[in-house]
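The values are calculated or read from the model by the stated rules, or taken from the named source; none is laboratory data. As the structure is a prediction and not an experimental result, all values here were calculated from the model. Note: ideal-geometry Cβ built from the backbone for every residue, glycine included; neighbour counts use all protein chains shown.
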Amino acid sequence: MNVPMKVTVNGKLHALDVEPRMLLVEMVREQLDLTGTHVGCDTTYCGACTVLLNGAAVKSCTMFAVQADGAEITTVEGLEKDGQLHPIQKAFGDAYGLQCGYCTPGLMLSTLQLLSENKQPDEKDMRKAIAGNTCRCTGYQNVLKAMQLAAQNMKGA
């Protein structure tokens, strides 16, 4: 038996019927066709499925979609506006903060949460913000550079 719900995703209201056991990541990817949110480990370890739920970074692979009823969700697709990359997206490219890109959406959304709360994070703040995101390619140095560049770009915007 499906459950009706409403959720605002990237600024757009959606009325959906979901199975009670459907995960939030499945709803985002399969029902809304927003495939930038990745499925990695299904155990909250990797953070590839990170989205913002009412402004807080959450692992969408271990949360039921119905738990987001009435919430506002931001996925990586919601960062870009009118064909323009968000300063965080631009910074990750400019500072080579990605390689294969699988973990990048989650890292970007964790960065957005951090920068919405702390406009001038230090390295310790940045490391703590992405502690729930695993990257196997970059070694994190360029991710930290990208986060710092994003903070500078957002401060100047």
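If you go through the range 116-146, how many residues are among the polar types (S, T, N, Q), over 22 Å from GLY156 (Cα atoms) and not in a loop (DSSP other than H, G, I, E, B)?
Of the residues in the range 116-146, 1 are among the polar types (S, T, N, Q), over 22 Å from GLY156 (Cα atoms) and not in a loop (DSSP other than H, G, I, E, B).
It is to be established whether one or more residues within the range 117-127 are among the basic types (Lys, Arg) and assigned by TED's automatic domain parsing to the domain that holds VAL9. It would help to see each step written out before you state the result.
Just the residues of the range 117-127 that are among the basic types (Lys, Arg), to begin with: 119, 124, 127.
In the following step, the residues that additionally are assigned by TED's automatic domain parsing to the domain that holds VAL9 were identified as none.
There is no residue in the range 117-127 that is among the basic types (Lys, Arg) and assigned by TED's automatic domain parsing to the domain that holds VAL9.
Condition check: closer than 24 Å to ASN118 by Cα and either in the same structural domain as ILE130 (by TED's automatic domain parsing) or surrounded by 14 or more Cβ atoms within 10 Å (Cβ to Cβ) (or both). Does CYS41 satisfy that? Before the answer, list the steps.
Details: closer than 24 Å to ASN118 by Cα: no; either in the same structural domain as ILE130 (by TED's automatic domain parsing) or surrounded by 14 or more Cβ atoms within 10 Å (Cβ to Cβ) (or both): yes.
When the stated conditions are applied, CYS41 does not pass them.
Given (1) surrounded by fewer than 22 Cβ atoms within 10 Å (Cβ to Cβ); (2) out of contact with any helix residue (DSSP H, G or I) (no Cβ under 8 Å at 6 or more places or on another chain), where does LYS59 come up short, assuming only one miss?
(1)
Please identify the pairs in which a residue from the range 125-146 that is modelled with pLDDT under 95 has its Cβ atom under 8 Å from the Cβ atom of a residue that is of a type in the set (Val, Ile, Thr), counting only partners at least 6 apart or on another chain.
Cβ pairs passing all conditions: GLY132/THR44; GLY132/THR50; ASN133/THR50; CYS135/VAL143; TYR140/ILE130.
Restricting attention to the range 119-137, which residues are surrounded by fewer than 20 Cβ atoms within 10 Å (Cβ to Cβ) and closer than 22 Å to ASP42 by Cα?
Of everything in the range 119-137, those that are surrounded by fewer than 20 Cβ atoms within 10 Å (Cβ to Cβ) and closer than 22 Å to ASP42 by Cα turn out to be LYS128, ALA131, GLY132, THR134, ARG136, CYS137.
Test LEU32 against the stated conditions and say whether it is in contact with a strand residue (DSSP E or B) (Cβ under 7 Å, 6 or more places away or on another chain), exposed (fewer than 14 other Cβ atoms within 10 Å of the Cβ) and free of Cβ contacts under 8 Å to residues at least 60 places away in the same chain.
Numbers: in contact with a strand residue (DSSP E or B) (Cβ under 7 Å, 6 or more places away or on another chain): yes; exposed (fewer than 14 other Cβ atoms within 10 Å of the Cβ): no; free of Cβ contacts under 8 Å to residues at least 60 places away in the same chain: yes.
So LEU32 fails the test.
Which of the numbered conditions does VAL143 fail, given that it passes all the others? Conditions: (1) within 17 Å of CYS49 (Cβ to Cβ); (2) crowded, with 22+ Cβ neighbours inside 10 Å.
It is condition (1) that VAL143 fails.
Just one of THR44, THR75 is at positive phi and touching a residue at least 40 places away in the same chain (Cβ under 8 Å); which is it?
Unique residue meeting the criteria: THR44.
Residue-wise test of (1) in contact with a Pro (Cβ under 6 Å, 6 or more places away or on another chain); (2) farther than 27 Å from GLU72 by Cβ; (3) aliphatic (A, V, I, L, M).
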| site | (1), (2), (3) |
| --- | --- |
| THR104 | no, no, no |
| SER110 | no, no, no |
| PRO121 | no, no, no |
| MET126 | no, no, yes |
| ILE130 | no, no, yes |
| CYS137 | no, yes, no |
| TYR140 | no, yes, no |
| LYS145 | no, yes, no |
| GLN148 | no, yes, no |
